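Trainee: The structure follows.
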Amino acid sequence: MRSLIFAASLMALVPSVAFAGEPEQAPSSESPTRLQAEREAVEDDGYEIRLSLPSEDDRAAWLQPGLRVELAVEYGVLLPNGPAPRIGGFTAHVRPRLRIDELWSIAATFGYTVARGDFQGVRWSAVVEPIFHPIPSLGVSLALGYGGLSVTRSSGSFPAGSSTETGSRTLGDDERLYGCSGGGWVSQARVEYLAVVGPLFSTGPYLVADSQWTGCEQSFGKTDRETGEQAMGRQWWLSLGGAIGWWLSWR
Amino acid sequence: MAMTRRPRATTAFLAASLFLSTGASASELRDVPDAAVEQPPPASVDSASGAASEVSPPSVETAAQAVVPPQPLGSLAIAYPPDAPPGAGPVSVTVLITIGETGDVTAVELREGAGEPFDSAVLDGAKSFRFSPATLGGKPVAVAVPFTQSFVPPPPTSEAADEKLDALIEGFVVERGTRRPVARAVVAASDAQGERGTTTDDEGRFSIPVAAGESKIRILSNELRPFVRVETLKPGEHLRVKYLADRVRHNPYESVVIGERDRTEISRTTLSGREIHQMPGSMGDPFRVVGALPGVTQVMTLLPLPIVRGSSPGDTGIFLDGMRLPLLFHLLGGPSVIHPEMIERVDFYPGGFPVTYGGYTGGIVDGRTARPRPGENPIAIDVNQDQAGVFARQPIPGTAMTATVAGRYGYPGLMLSLLNLGISLDYWDYQARLDGGSPRSAWSVFFFGARDELKTAQDMTDPSSEMTTQALFAFHRLDLRWRLGDEERHGDYRLVFGYDKTAVAGDQVGTSSYFVDPQVSWLVPLASWLQLNVGGELLVRDIADQPAAPATMGMVTEASQAVQSSGLLINGGVFLQTPLRPFDGLLVIPGVRGDLYQHEATRQWSVDPRMTVRWKPLERELWLKGVVGRYHQPPRLFVPLPGVDQSMHELGLLASTQVGLGVEAQLAPGIELDLQGYYNHKNPVVFDLQINRTLEDMQPSGPWTNPGELPSGDKPGEESDISRFFEKRVGRSYGLEVILRKRDDSGVYGWLAYTLSQSERRDESGWAPFDFDRTHIFNAVLGVRLPRNWEIGGRLMLQSGTPLTTIYGYNASRSDWQFRADLRVDKRAVWNRWLLDFYVDIINSTVAAESGGLAGSNALRYVVPTIGLRAVL
């Protein structure tokens, strides 16, 4: 519930920016469906306020090369797979995207998940995402990057047998970690649609298939007196899952 | 900008002023419409330089700011090049003009070009300018000033009989958002009778006749985005309009440097503008930026407890306009206790600070507030997921006074509740200030304070259980200031009243106190080559008696009994320094400071001689510098808390001897290199921040110790012992600091900073690394302004690990290197009457692991995103 509140607050913080910077008056004649009666304001000194007409069509503006910065909120889950547990929650994304031409964009997408459920903590990822636009508002991408987990089991005790551990080792797939702190490769496949709202703002949904390969480490609660370092349990988790989200995009 | 030549024909940078403005009120002195050298009017120079140095401890640089700028003789207009390509849009060219002692232009250097033929037109045309020379103390000096020529295509003309132009459009062209007039913009009209145009005046006013019917109006200016409008007028109609045009670029924190500050300290770094308000990872907090400078690391990168050249955090003084702050940051990594809009710049001394500062042996961080500028009246409201704040400044009609109010309320508990940690935190801070007087008699009344309250769940295994207060910190200050005189000769008079409170463990342990602190200083020129700077202060603090902490609290009881003071605490200090300029290019500042520390029957006093030398051996912008000095302080808790400023006076004063040598060079316009080496010898050191006990003090039950616990040093049957914190040790730190810095004068700012350091402590077994010593510290900061009011920035930090204790000895090993990457994105949205800034700031964007510095502790992974909005009215 609190995650929903957080996500809603995030959405509530930014929409006003979506409509800033736009001229109040009617758009160009190339988009008649958006024609509106001009609203003429008159200042106290008797001068009528005038803004510039749009210098280019909204959709054409979004096809121009240049920087876009995008925020997203999504809900997704990484499904259980071998030793890897189920990890789900809300994710916030920040994505600076460079539109190269009408067909291609390239982006760096940063995501941060507040994980809830059996395992709680944070999941993060940073991927490079080339995006293909078969039609102007549609995007299809395959992303590759690096990510990690910092989660602990919500309940339960320290791994059995840790009191007898005498050093760092790699756990078998039939053993369970109390938590995971580590990183590894991330890959994502995404389909998204951005509807142009104005020359500076567009928005729309997306679906993403997600995978993360994490080299988990967890302390056994012991310190090696020779090195001063902790004795760690290690295990690899391959997590697969998906999510649905919504983009807010500005140019 | 003013670069003045000393009376003995040596070119140097002088500090005319440095001021900060919000986007609503920036005056772009570098924009020079219509080929006029825009001189800062004397009033703003006085007030701005007053803002820079009015309430600071008097320093040498203030005496050098009595500069009369050069005045143009004749026109400075440069004609639009006849061979300019057709269809060329508005452009601007910026050059740096050096004006000699005779008023002739001796050099013209291109700073920002627009291509040919515009660059050549300005470079050639500027050489023929003539000025009355600038003067310093009545004597002509050479200066270098920036000059920007805007070229706007001439307005179109076409033949049309006047009687056919039977309608009129008149009005103003103003900036959207700020409503500032746009001068010298071309307004062109196209209608059935042809095309014609005009140019707006200094107030943005224009008037253009048109034919009845449809007219297409265009506005052209290099400052504005393309503006197009279609007007339909009836015969004889007179249309009065106000065209709101979008600027190409807004800068929310524009800092306009009018000259460089005359550097007198070898190791001071001054940050301002975007550097302190938009550095990635700083959450917009000016004081956090210090963490990215050479010589600085932290206990943990998220916690703003600075380790400056290997000193405990309590040994570094935190000041606001030269007044000590008892608490700099709100708890749990929160922002500083002063609203960032109040801070104009931050001066940081990692060591070698002047005699005007006393009572510390580490470094000095001094935030400087800005005196209001004429006509300034912004209102800024900022909100993010952790806090909400407001800043407002308004001249009081009918008076020469300006009122400023600011405040913030923090609610990080919302974010903490998402993580289900059973921790809650609320905080607030406030500032209220009244400024008045004249440039020669300026006064201010400044009332400010802050409060933090930390709560935890009674049952930490059940985060939803009832919350109880665990810690409360609060302070309030009333600061009365008056400066009498001008920049060359003045007296500063100050009276500070304060209240501090610290309470932990539900008020079972804590302290509260009131104090008064009068201060006075004078700056007097004795000769053209000699100044006298003298002053003093007297702090009298009454610390209330506190009940003894319950004995059941174990180590907390013992610690509180040791550090809590009560009764009357008196600190007095006097200083004297005599800056000498025996010949051009050499500055020598000898000084001495005396301090008295008295608490009850214990009285300590110290004498600290210090000297700084700066020498410019060549005509190039290259300085050699050195400092040597003694520094004393009373024992201070390693974490500064309100009212718990000093304690354990019976241990005597801490002392350090500091030596530094360095080189400073300007490699290119706006690019500086600073390299310095230092050696600090500390004897004694007390209250050092220690966490790595010797292995002999660690009593493991088996071959392993448990991480995450402070080794208690308990031997079976013995009580816990904190006496090690009160043991006197000898310390030393030495190293090399380098910073390559790009000033924010072209939309790009940043720096590369590297520190190579060793910090050690000596006990009976010899020298060993300090518990928070880091051999290599590297920081890279970059901020870039992009089109359409976007800004992006990043900060990378890489530092070597801290010492770990092993069976091979105390601090014989090192933890892993630490890496952190911060990102920030800013977007300014422009509305008709206001501006909206949206930002995303992510600390530790790669969620890199970080050791807490405890031997064998669990590494901590964290990420702190800040998403916020700031409205400027």
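Just so it is clear, none of the values below were taken in a lab; they were calculated from the coordinates. None of these values were measured; they are calculated from a predicted model. Because the Cβ atoms are built from the backbone with ideal geometry, glycine has one as well, and the counts that use them run over all protein chains shown.
Trainee: Could you please rank B:LEU244, B:LEU305, placing first whichever residue has the fewest other Cβ atoms within 10 Å of its Cβ? All intermediate terms of the calculation are to be shown ahead of the outcome.
Mentor: On the way: B:LEU244 25, B:LEU305 20.
Least crowded to most crowded, the residues run B:LEU305, B:LEU244.
Trainee: Between B:TRP767 and B:LEU586, 0.36 nm times their residue separation minus their Cα-Cα distance comes to what? Could you put the intermediate results ahead of the total?
Mentor: On the way: separation 181, 0.36 × 181 = 65.16 nm, distance 3.88 nm.
Stretched fully, the B:TRP767-B:LEU586 segment lengthens by 61.3 nm.
Trainee: At what distance in nm do the modelled label points of B:ASP816 and B:GLU488 sit from each other, each positioned 7 Å from its Cα along Cα→Cβ?
Mentor: Using points 7 Å along Cα→Cβ, the separation is 6.3 nm.
Trainee: Projected onto the charge dipole of region B:263-872 (+1 at Lys/Arg Cβ, -1 at Asp/Glu Cβ, origin at the Cα centre), which of B:ASN384, B:VAL872, B:LEU539 gives the Cα projection farthest towards the positive end?
Mentor: B:VAL872
Trainee: While we're looking at this one, here's another question. Need the list of lysines near A:LYS222 for cross-linking: C-alpha distance under 25 angstrom, and skip anything on the same chain fewer than eight residues off.
Mentor: Result set, ordered by chain and number: B:LYS715.
Trainee: Would you please give the FRET efficiency between B:TRP605 and B:LEU303, computed as 1/(1 + (r/R0)^6) with r the Cβ-Cβ distance and R0 = 35 Å, to the nearest 0.05?
Mentor: Numbers: r = 34 Å, r/R0 = 0.98.
Calculated value: 0.50.
Trainee: Measuring from a point 7 Å past the Cα of B:GLU237 along Cα-to-C-beta, which residues in region A:49-73 have an amide N at less than 18 Å?
Mentor: A:49-53
Trainee: Once amide H atoms are placed 1.01 Å from N in the peptide plane, what residues at a sequence separation of 5 or more from B:ALA829, or on another chain, have their amide H within under 5 Å of its amide H?
Mentor: Here the answer is B:LEU836, B:ASP837, B:PHE838, since their amide H atoms fall under 5 Å of that of B:ALA829.
Trainee: Take the cross-link list B:LYS501/B:LYS728; B:LYS501/B:LYS682; B:LYS682/B:LYS728 and give me the ones stretching past 22 Å between alpha-carbons.
Mentor: Numbers: B:LYS501/B:LYS728 28 Å; B:LYS501/B:LYS682 31 Å; B:LYS682/B:LYS728 10 Å.
Exceeds cut-off: B:LYS501/B:LYS728; B:LYS501/B:LYS682.
Trainee: Same structure again: When Cβ neighbours within 10 Å are restricted to other protein chains, what is their mean count per residue of peptide B:233-244? Numbers along the way, then the final one.
Mentor: On the way: counts 0, 0, 0, 0, 0, 0, 3, 6, 5, 9, 6, 7.
The mean count of partner-chain Cβ atoms within 10 Å per residue comes to 3.
Trainee: Follow-up. What is the average number of partner chain Cβ atoms found within 10 Å of a Cβ in A:227-235?
Mentor: Mean partner shielding for this stretch: 5.
Trainee: Ok, one more. For region B:263-872, max minus min Cα coordinate along each principal axis, in Å, sorted largest first?
Mentor: 71, 57, 49
Trainee: Distance in nm between label sites at B:PHE497 and B:SER438, each 7 Å beyond Cα in the beta-carbon direction?
Mentor: Computed distance between label sites B:PHE497 and B:SER438 equals 2.9 nm.
Trainee: How big, on average over all directions, is the shadow cast by the Cα convex hull of region B:162-245, in nm²? Don't skip to the end; give the middle numbers.
Mentor: On the way: hull surface 19.6 nm².
Taking the Cα atoms of region B:162-245, their convex hull projects to 4.9 nm² on average.
Trainee: If packing is taken as the mean number of other Cβ atoms within 10 Å per residue, what is the order of B:681-687, B:534-540, B:343-349, highest first?
Mentor: Working: B:681-687: 20.0, B:534-540: 17.9, B:343-349: 22.9.
For the peptides B:681-687, B:534-540, B:343-349, the packing ranking is B:343-349, B:681-687, B:534-540.
Trainee: Can you pull the mean other chain C-beta count within 10 Å for peptide A:90-98? Please list the in-between numbers first.
Mentor: Working: counts 1, 0, 4, 0, 7, 0, 4, 0, 0.
Across A:90-98, the average partner-chain Cβ count within 10 Å equals 2.
Trainee: Taking the Cβ-Cβ separation of B:TYR514 and B:TYR409 as r and a Förster radius of 25 Å, what is the calculated FRET efficiency to the nearest 0.05?
Mentor: Details: r = 26 Å, r/R0 = 1.02.
That pair, B:TYR514 with B:TYR409, gives E of 0.45.
Trainee: Another question, if that's okay. Under the definition of Cα pairs under 8 Å and six or more residues apart, what whole-number percent is the relative contact order of region A:139-248?
Mentor: Numbers: 236 pairs, mean separation 33.3, N = 110.
Reported as a whole number, the value is 30 percent.
Trainee: Tally Lys/Arg at +1 and Asp/Glu at -1 over every other residue whose Cβ is under 9 Å from the Cβ of B:ARG833; what's the total? Don't skip to the answer; put the middle values down first.
Mentor: Numbers: positive: B:ARG176, B:ARG179; negative: none.
My count for the surroundings of B:ARG833 gives +2.
Trainee: Still on this model: Using a 7 Å offset from the Cα along the Cα-to-Cβ direction at both B:GLU195 and B:TRP522, what is the distance between the two label points in nm, to one decimal?
Mentor: Placing both labels 7 Å along Cα→Cβ, they lie 7.0 nm apart.
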